[in-house]
Amino acid sequence: MYRYKIMIVDDDKLLQNSLKNVLSEKYDTLVVGKGEDAIQLLHQQAVDLVLLDVRLPGQDGIETLAQIKARESDLLVIMMTAYEDVKTVITSMKMGAYDYLVKPLEIEELEIIVEKALDNLKLKKEVEELRKNYLKEFNVGNIIGESAAIKKAIDFADKVAKSYDTTVLIEGETGVGKEVIARTIQSRSARFHKPFVIINCGAISKDLVESEMFGYERGTFTGGLQEGKKGQLEMADGGTLLLDEISELLPSSQVKLLRFLEEKEFFPVGGTQKRRVDIRIIAATNKSLKLECQAGRFREDLYYRLNVAKITIPPLRERQVDIMPLALFFMNSFNEKFGKNFRGIEAAARQLLLDYPWRGNVRELRNAIERVILMEEGEAILPAHLAFLGLAPPENSLQKTAAPGLQLPAQGVNLEELTKSLIIQALDASHGNRTRAAKLLGLTRPTLIYRLEKYGIQP
């Protein structure tokens, strides 16, 4: 099991020994007495957290913090000061310190702050590891998922990207990530440095689709630009044109698009001279084009032209295994955006997310997590935070089964779950009174409150 490595930077020998004795039971510790020695040691080996005294001989703690952050901006640093120096504390926090402790240190407070910092680090590492694994396996960004279906879609997109101009059809419900797959194809192709242009065929007035796509010549329209206008086909020259919601194209526009796909040439609206462009066409739709053809709403010959390489993205409800990785990824992203510190999703809230149908797919999940991180406070997403989804939360966590006995079973136990269960029992026995529950557990009230927040337990 991985042991976090903590560096203690303080010139007080007695405090050095005390901190080392307290922390070494759970963590690997390194001790130095000067800021210069700390910087030198960081060049030699990696650490996860630094306990840094403000007042040091020679280079002080603030200067040492600046050098640490310049070298490794994400490294966790907790400042220690013997004085209630507000200016120093504010300066260190602005420079990126995670938290601070005031001497004489209270061991219990120290343990809580260190544990919170390392829990935060663990979450970031998990999300980063997930991201790196997919970047390494598929060489794409911002695509999160563990299901076989999404991996298959990404793998196929990666293969299609190696071709220069193969036409691609992407089918899937609204919000599944069709545009993300299209951008992946563009970024992995030889056209990656060229334009990526999108036409939403369902959002543009049907009377203007052709002029938007093919452009128009001077004097074609009353009120149009005198010099005419380039269409999106020309704007995408050399790159990729995504025709989103292509099933909404009018029959007349379908004919002109078919002709372009066959000849790679087109006439601008009102024009008499052909123009030629070099682009890849990617079409996307939330409908089945095959069924649209059978219903007579889409040209069959155009369908066959578009259906050279087809990627189907299943809805999120059919790939439940992707929900939690996506939710954690979005939580981490919105933590950074809104300056929040949500570190996880409570078990009952996870179940709510898994049970929800997600008719809006990944887009709806992203919006839901954004709303929670923006509107709520705390360190874990709780069932109450998801009430707007309209699902009833599971039974109150206080009514869950009692903890196993204190005798260690042969098969072992999950210590985190055991701790959580004991806290629930104590709260139940004290009828939700936190002070009495803390006494039953041999904890201080602040420590119990921290545990309640950590495990998402609501008395």
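Within the stretch 55-63, is even one residue in contact with a helix residue (DSSP H, G or I) (Cβ under 8 Å, 6 or more places away or on another chain), in a strand (DSSP E or B) and either assigned by TED's automatic domain parsing to the domain that holds residue 122 or surrounded by 16 or more Cβ atoms within 10 Å (Cβ to Cβ) (or both)? Break it down stepwise before answering.
Within the stretch 55-63, the subset in contact with a helix residue (DSSP H, G or I) (Cβ under 8 Å, 6 or more places away or on another chain) is 55-56, 58-63.
Then drop every residue that is not in a strand (DSSP E or B), which leaves none.
Checked the stretch 55-63: no residue is in contact with a helix residue (DSSP H, G or I) (Cβ under 8 Å, 6 or more places away or on another chain), in a strand (DSSP E or B) and either assigned by TED's automatic domain parsing to the domain that holds residue 122 or surrounded by 16 or more Cβ atoms within 10 Å (Cβ to Cβ) (or both).
Exactly one residue out of 108, 146, 126 is at pLDDT below 80 and either outside any helix (DSSP H, G or I) or on the phi < 0 side of the Ramachandran plot (or both): that is 126. For the stretch 280-307, what are the residues that are in contact (Cβ under 8 Å) with a residue 12 or more places away in the chain and farther than 19 Å from residue 245 by Cβ? Across the stretch 280-307, the qualifying residue is only 301. The C-beta contact set for the stretch 108-127 (first residue closer than 19 Å to residue 326 by Cβ, second residue among the hydrophobic types (A, V, I, L, M, F, W, C) and not in a helix (DSSP H, G or I), distance under 9 angstrom, 6+ apart or interchain) comprises 123/342. Kindly establish whether residue 245 is buried (at least 19 other Cβ atoms within 10 Å of the Cβ) and touching a Cys at 6+ places or on another chain (Cβ under 9 Å). Answer is yes for this residue. For the stretch 260-273, taking the residues that are touching a strand residue (DSSP E or B) at 6+ places or on another chain (Cβ under 7 Å) and free of Cβ contacts under 8 Å to residues at least 24 places away in the same chain, the one that is surrounded by the most Cβ atoms within 10 Å (Cβ to Cβ) is identified as 264.
Residues of the stretch 331-380 that are assigned to a helix (DSSP H, G or I) and of a type in the set (Phe, Trp, Tyr): 334, 338.
Scanning the stretch 85-123 for residues that are of a type in the set (Val, Ile, Thr) and surrounded by 14 or more Cβ atoms within 10 Å (Cβ to Cβ) returns 88, 89, 91, 102, 112, 113, 114.
Results for (1) at pLDDT 90 or above; (2) among the acidic types (Asp, Glu); (3) on the phi < 0 side of the Ramachandran plot; (4) surrounded by fewer than 19 Cβ atoms within 10 Å (Cβ to Cβ), shown as yes or no for each residue.
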site: 156; (1), (2), (3), (4): yes, no, yes, yes
site: 171; (1), (2), (3), (4): yes, yes, yes, no
site: 181; (1), (2), (3), (4): yes, no, yes, no
site: 199; (1), (2), (3), (4): yes, no, yes, no
site: 206; (1), (2), (3), (4): no, no, yes, yes
site: 222; (1), (2), (3), (4): no, no, yes, yes
site: 227; (1), (2), (3), (4): no, yes, yes, yes
site: 231; (1), (2), (3), (4): no, no, yes, no
site: 235; (1), (2), (3), (4): yes, no, yes, yes
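The set of residues from the stretch 67-98 being in a helix (DSSP H, G or I), polar (S, T, N, Q) and touching a Phe, Trp or Tyr at 6+ places or on another chain (Cβ under 9 Å) comprises 88, 92. Does at least one position in the stretch 398-411 carry a residue that is modelled with pLDDT under 85 and in a helix (DSSP H, G or I)? Among the residues of the stretch 398-411, at least one is modelled with pLDDT under 85 and in a helix (DSSP H, G or I), which makes the answer yes.
Consider residue 276 carefully, then state whether it is over 30 Å from residue 357 (Cβ atoms), of a type in the set (Lys, Arg) and surrounded by fewer than 15 Cβ atoms within 10 Å (Cβ to Cβ). Taking the combined requirement at face value, the residue satisfies it. Being under 25 Å from residue 452 (Cβ atoms) and buried (at least 19 other Cβ atoms within 10 Å of the Cβ) holds for only one residue in 332, 341, and it is 332.
The values are calculated or read from the model by the stated rules, or taken from the named source; none is laboratory data. What you see is a predicted model, and the numbers here were worked out from it, not measured in a lab. When we count neighbours, we look across all protein chains shown, and the Cβ atoms used for this are built from the backbone with ideal geometry, even at glycine.
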